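Read the structure below first, then the notes.
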Amino acid sequence: MRTLTSIFLLLLLPLTLSAAPGVKGKVIDGKTRNPLEYAHVILYMNNEVISEAMSETDGSFLFENLQAETDYMLIVRLVGYDVYSSTPVRTNGSVKDLGTIPMRQLEIGLQEVEVVANKKQVVYKLDKRLIEASSNLLAAGGTAVDILENTPSIRVNAEGEVSFRGSSGFTVYIDGKPSIFSGTQALEQVPAYQIQNIEIITTPSAQYDTQGDTGIINIITKKEYQADISGFVNVSTSTMGTWVTDLFLTKQNKSSHWYIGGYARQHKRESDFEQEKTTIVNDTITTSHSTGPRKSNGYYYSGKAGWGYTAPKTTYKIDMEAGYGGVKRKGRLDYEEERSTQSVVFEKGAFRSLDDFDIHETYYQGNLSANHSFNEEGHILNGSFYLKYGGNALEYFESNLMDLKNNRQQGHRAWEDEHRWTVRGNLDYVLPYRSTGQIKTGYQYFSYLEDGDYSMQFWNPEIQQFYWRDDIYNTFYFQQGINSIYAIVADSYRSFDFQVGVRGGEHTRQELKSSQEWANRLEKRFEFFPSAHVGLNLPKQQKILASYSRRTNRPELYFMEPYITYRDYYTAEIGNPDIRPEYINSFELNYTYNAEDYTFSATAFHRNRKDKIERLRVPYMAGVTLDSMANVGHDYSTGVELSMNWQVVRAWNTQINGNLFHYKVENEYKTDGKNEKSTNYDMGWYNTLDVGKSTRIQLDGNFVGPSVTTQGKTESFWYFNMAVRQQFLRQKLIGTLSFRDMFHTARYASNITTSDLQSYTRIKPKYPLITFTLSYTFNQFKLRGSNNRGSHDLFEGTNH
């Protein structure tokens, strides 16, 4: 009750505040009248820069805490548009509204315009940070994963899985709407060439979904619509056999626009794998040593189209997409194994494990949305409806144990057929109650349904054929429905900005049904998730931001599936129907200083998590381990992120990112009662060099420090990258040549130690990886975010 009372008082606080001298406005396209996001607005007084801002999603910007009865000047800059310069603006005792500022598109034939400047790579706002997508050459032919590599605290593990501040529990949005995929899979579906910016929201407000312990990654795609048909084509290939092709066309009519695009990718990687493992089962000690290659191919093919119509006050939009994608993995590991009891060896052998894994899905999705603006003061009503169907979904596993003459000794096959439906509806309302303050409220419905069956075959060496295991056959049905409402108040007073809210009345109903009746579960939860953000603008472009957010991680279906699957012959997996959600409290304090040639940022953060979900490994049979998900206890992360970007000279820009945090796990599964602790750190140094007008070189150095898990630890590694970009045909044709892990120093090593299991894994990728990309744009398609980077997936085959 005390917490709710405090939130209520904070919601009433802005009603008592009075406006201070300031200037606001809204940046729009002069032709289409559409709002322009991320325009660079600069405020001058006596030819001196007083403050800078980036326009919001609706094109709005605001400068506060200015001097009354003083003349200021505004300059607005945006790539592809002529520079806007205002007449003198004289402030009074309140916020002066400049209305709409129309930006004029640069036309072919007027004159050649060359912009010699670097955009800020990271922009900090009250509740998020903005990553500028075009700042990294190494993303050529890549995805959102590759653009994020330069972000402080972002890591990619040996299987290409992204984690942020030690956790992979983030949610991915695309243009403000949750992705149909989750985590790393969602990031890999978005081509880097289509990305304008990426927002990192580490302490999301109550407006967003509560799923994701470290927050939300929102990918903002390009939305450049021209009077003529414009677009781009992008092709890429690498020494690993990876290839990517990407096509996008768009056209703007008087009040409507349309787009159509296609994307195809095969993303291959390969690693050399080595593992030493000892298990103890019923006094039998089994020791094995395995070596061999592991390969994977992530494939994805999609087509999409959209149409939008803009009326005087209402905008309508429809987006459709269909695609097919999945991942194939293969492994060939040679085993040497021995078994002993009471130090007496009674069996030795040499085997070969051949593993095959294939997961794929055909999907269809559509989204309808409408935006109505009651006036130009920000009084808005938004609505959207999203539907996605995933059919022909199959997860196939095969593992065979062969002798050295390639005769099958043991083996098993498994099929998991699935159908998936996702429904999402949103209604959001924004009411400005004064020039600097507004109230946001909304409702959201979400539903995910999946049903299917699981079947399995085992090899019978006596009759030399596979047979069905009827005792393993399982049908399943899973449905999760969430109803949510939220309310937020945001306001500014002089140098002080704040936003407080609560996602209250979030009701979750989750049902799991199985032919294994013991696994049937029905859960209902009613929860509250508050958030708060405070900002203080200081002199000389300094800013302090503080924030808090409560989040959750709900278990995914595969965490709970009550049947055994096999990653290879010696590694089995099973779900846990009793897995509980995680609950996370996140706190942040950020300081940012912006100067003309450099930017410095320091962020202190603390995150505590209840009922941490983690994969545990135990002996299952002699030489075979069993993995399962469990709530292992609580964990705590406390640390600091440092970032500095410096334009040393006109042709050299350098950026240094560092991350240091203390991590502790209060492990309920630790038999000796000790808690795992570690000091985790990583660092990156990124340099871009301009060689003439059309050539740019990028050099990156990365160090990833050690880390602990519930059952062990991972070791540190380091690597270097280089990329060269050359522009041709007046910047319409761009060629990028990148070298990943150019000195072949990247390694992955992990150690698991328990009372009855010891496992040490070493993985070395088959690199250096060389990628070549060609990108061609036509009819003045805006090249924001077009300089991309190659694959960050250094390793393959770590879940062993």
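Go through the range 18-35 and report how many residues are open to solvent by 20 Å² or more (accessible area, probe 1.4 Å) and either aliphatic (A, V, I, L, M) or not in a loop (DSSP other than H, G, I, E, B) (or both).
4
Could you say which residue among Lys330, Lys405 is open to solvent by 60 Å² or more (accessible area, probe 1.4 Å), out of contact with any His (no Cβ under 7 Å at 6 or more places or on another chain), in a strand (DSSP E or B) and under 30 Å from Ser290 (Cα atoms)?
Answer to the check: Lys330.
If the requirement is being open to solvent by less than 20 Å² (accessible area, probe 1.4 Å) and either free of Cβ contacts under 8 Å to residues at least 24 places away in the same chain or within 23 Å of Ala322 (Cβ to Cβ) (or both), which of these qualifies: Gly215, Gly261?
It is Gly261.
Restricting attention to the range 225-236, does a residue exist that is part of a strand (DSSP E or B) and surrounded by fewer than 19 Cβ atoms within 10 Å (Cβ to Cβ)?
Yes, the conditions are met somewhere in the range 225-236.
Starting from the range 761-780, keep only residues that are at positive phi, then list their pairs with residues that are open to solvent by less than 10 Å² (accessible area, probe 1.4 Å) whose Cβ atoms are within a distance under 7 Å, requiring at least 6 positions of separation or different chains.
Qualifying pairs under 7 Å: Asn779/Ser230; Gln780/Ser230.
Quick check on the range 195-212: of everything there that is open to solvent by 10 Å² or more (accessible area, probe 1.4 Å) and outside any strand (DSSP E or B), which residue is modelled with the highest pLDDT?
Checking each candidate, the answer is Gln207.
Hey, among the residues in the range 606-630 that are open to solvent by 20 Å² or more (accessible area, probe 1.4 Å) and among the small types (Gly, Ala, Ser), which one's farthest from Asp682 (Cα to Cα)?
In this case the residue turns out to be Ala622.
Under 9 Å between Cβ atoms, at least 6 apart or on separate chains: pull out the pairs that start in the range 170-192 with a residue that is within 18 Å of Tyr208 (Cα to Cα) and among the acidic types (Asp, Glu) and end on any residue that is surrounded by 21 or more Cβ atoms within 10 Å (Cβ to Cβ) and at pLDDT 75 or above.
Listed pairs, sorted by first residue: Asp175/Asn218; Asp175/Ile219; Asp175/Ile220.
Tell me, which residue of the range 592-605 that is open to solvent by 30 Å² or more (accessible area, probe 1.4 Å) and not acidic (Asp, Glu) is farthest from Arg554 (Cα to Cα)?
Tyr598
Table: residues versus (1) surrounded by 19 or more Cβ atoms within 10 Å (Cβ to Cβ); (2) among the hydroxyl-bearing types (Ser, Thr, Tyr); (3) touching a Ser or Thr at 6+ places or on another chain (Cβ under 8 Å); (4) touching a residue at least 24 places away in the same chain (Cβ under 8 Å).
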| site | (1), (2), (3), (4) |
| --- | --- |
| Phe397 | yes, no, yes, yes |
| Gly411 | yes, no, yes, yes |
| Phe458 | no, no, no, yes |
| Glu462 | no, no, no, no |
| Asp497 | yes, no, no, yes |
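Among the residues of the range 80-112 satisfying the criterion of being modelled with pLDDT of 85 or more, in a loop (DSSP other than H, G, I, E, B) and open to solvent by less than 70 Å² (accessible area, probe 1.4 Å), which is nearest to Lys732 (Cα to Cα)?
Per the stated criteria, the residue is Ser86.
Table: residues versus (1) closer than 30 Å to Ala602 by Cβ; (2) touching a His at 6+ places or on another chain (Cβ under 6 Å); (3) modelled with pLDDT of 95 or more; (4) open to solvent by 20 Å² or more (accessible area, probe 1.4 Å).
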residue	(1), (2), (3), (4)
Trp518	no, no, no, yes
Arg521	no, no, no, yes
Ser531	yes, no, no, no
Asn537	yes, no, no, yes
Gln541	yes, no, no, yes
Ile544	yes, no, no, yes
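Of the residues that sit in the range 631-640 and are touching a Phe, Trp or Tyr at 6+ places or on another chain (Cβ under 8 Å) and open to solvent by 10 Å² or more (accessible area, probe 1.4 Å), which one is farthest from Phe600 (Cα to Cα)?
Step by step, filter the range 631-640, then rank; the result is Tyr636.
Given the criteria at pLDDT 90 or above and either within 27 Å of Tyr193 (Cβ to Cβ) or acidic (Asp, Glu) (or both), does Gly298 qualify?
Taking the combined requirement at face value, the residue does not satisfy it.
The values are calculated or read from the model by the stated rules, or taken from the named source; none is laboratory data. Computed from a predicted model, the values in this text were never measured in an experiment. All Cβ positions, glycine included, derive from the backbone under ideal geometry; neighbour counts span all protein chains shown. Keep in mind that these areas ignore ligands, DNA and RNA; they rest on the heavy atoms of the full protein, side chains included. Shrake-Rupley method; radii C 1.70, N 1.55, O 1.52, S 1.80 Å.
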